[in-house]
1. Each residue of the stretch 33-42 in order: what ³J(HN,Hα) in whole Hz does its phi give by Karplus 6.51 cos²θ - 1.76 cosθ + 1.60, θ = phi - 60°, with x for Gly and Pro?
2. Would you kindly work out the equivalent ellipsoid of the stretch 65-189 from its C-alpha gyration tensor and give its semi-axes, the square roots of five times the eigenvalues, largest first in whole Å?
3. Count charges around Val153 for me, please; just the other residues with Cβ under 12 Å from its Cβ, Lys/Arg as +1, Asp/Glu as -1.
4. Over 19 Å between Cα atoms: which of Lys148/Lys174; Lys37/Lys155; Lys127/Lys155; Lys48/Lys155; Lys48/Lys189 fall into that group?
5. Non-local amide H neighbours of Thr76 (under 5 Å, H modeled in plane, Pro and chain starts lacking H): which ones?
6. Would you kindly find the accessible area of Tyr161, with a 1.4 Å probe and non-protein molecules such as ligands, DNA and RNA excluded, rounding to the nearest 10 Å²?
7. Order Arg121, Arg96 by their accessible area, 1.4 angstrom probe, all chains in place, largest first.
8. Quick one: how many Å² of Glu31 are accessible to a 1.4 Å probe, rounded to 10?
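The values are calculated or read from the model by the stated rules, or taken from the named source; none is laboratory data. Bear in mind that the values here come from a model prediction, so they are computed numbers and not experimental data. Heads up, the Cβs are rebuilt from the backbone with ideal geometry, glycines too, and the neighbour counts pull from every protein chain shown. The protein model used for the area step is the full one, side chains on, heavy atoms only, and it has no ligands, DNA or RNA in it. Shrake-Rupley method; radii C 1.70, N 1.55, O 1.52, S 1.80 Å.
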Amino acid sequence: MNRYLLCISFICVLLNAGCSVVVGNIKPVDEKSKNYKVMDLNREEWKKLPPAEVAHDSVSANSEIKNSEPDTSETTDLAFQSQLTSSIISMNSACRPSVRERELGGFTQQLLLGISDVSERSEIHLKIADQDALQTTVNGKMNRTFVKIRTIVLKKDNCAYDLMYISKPADFEKQEDTFLKFAQSLVIK
């Protein structure tokens with residue numbers, strides 16, 4: 001239970017500091033996309049964070065999270081925490097007309113606000129959900145703590161989607177493949 005409270009406190013500190021890195025909240029949000037499905041990690045060593053920390057969603061029978069109702073919440077769509085490493089994987093969407101004109105790099109920069117002392121940064125372009133996506137990996141400090149973060153941002157129509165993986169640098173590779181599978185499971189209708 002202490003580990004759970006520590007994680008929630010960690011997230012609250014980040015949000016109060018104006019850093020959206022853990023939950024990937026791109027603001028301001030006119031509406032969230034609910035026209036996607038993604039793998040449900042709420043099994044084995046991953047635990048879904050409670051609805052108080054994430055926007056509501058529903059789990060389908062085939063172990064995917066399926067969103068179908070518009071939501072204007074400013075919380076993340078969903079987030080999972082590893083019970084082994086305390087790493088976090090999250091998914092967020094934001095829809096507004098200006099998304100079409102913005103570059104993926106601009107979304108990434110907004111997600112990484114609050115990261116200081118960046119010692120390593122890499123970017124690659126890839127395809128996720130049949131859309132062009134930008135994957136960025138950063139080593140740096142967040143609230144005086146060293147972290148390694150991977151973001152994947154993409155857009156379709158007037159919606160931006162961000163997937164994030166945040167971990168202690170020493171634990172990053174342990175669950176990097178889980179994040180990649182999570183990102184590759186994204187289907188946008």
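1. With coefficients 6.51, -1.76 and 1.60, one gets 6, 10, 9, 9, 10, 8, 4, 8, 8, 6 Hz.
2. Working: eigenvalues 110, 56, 39 Å².
Values for the stretch 65-189, descending: 23, 17, 14 Å.
3. On the way: positive: Arg102, Arg150, Lys155, Lys156; negative: Glu103, Glu123, Asp132, Asp162.
Here the charged neighbours net out to 0.
4. Details: Lys148/Lys174 12 Å; Lys37/Lys155 15 Å; Lys127/Lys155 11 Å; Lys48/Lys155 24 Å; Lys48/Lys189 24 Å.
As for pairs spanning more than 19 Å Cα to Cα, those are Lys48/Lys155; Lys48/Lys189.
5. Close amide H contacts, sequence-distant or interchain: Ala55.
6. Rounded to the nearest 10, that gives 10 Å².
7. Arg121, Arg96
8. For Glu31, solvent-accessible area is about 80 Å².
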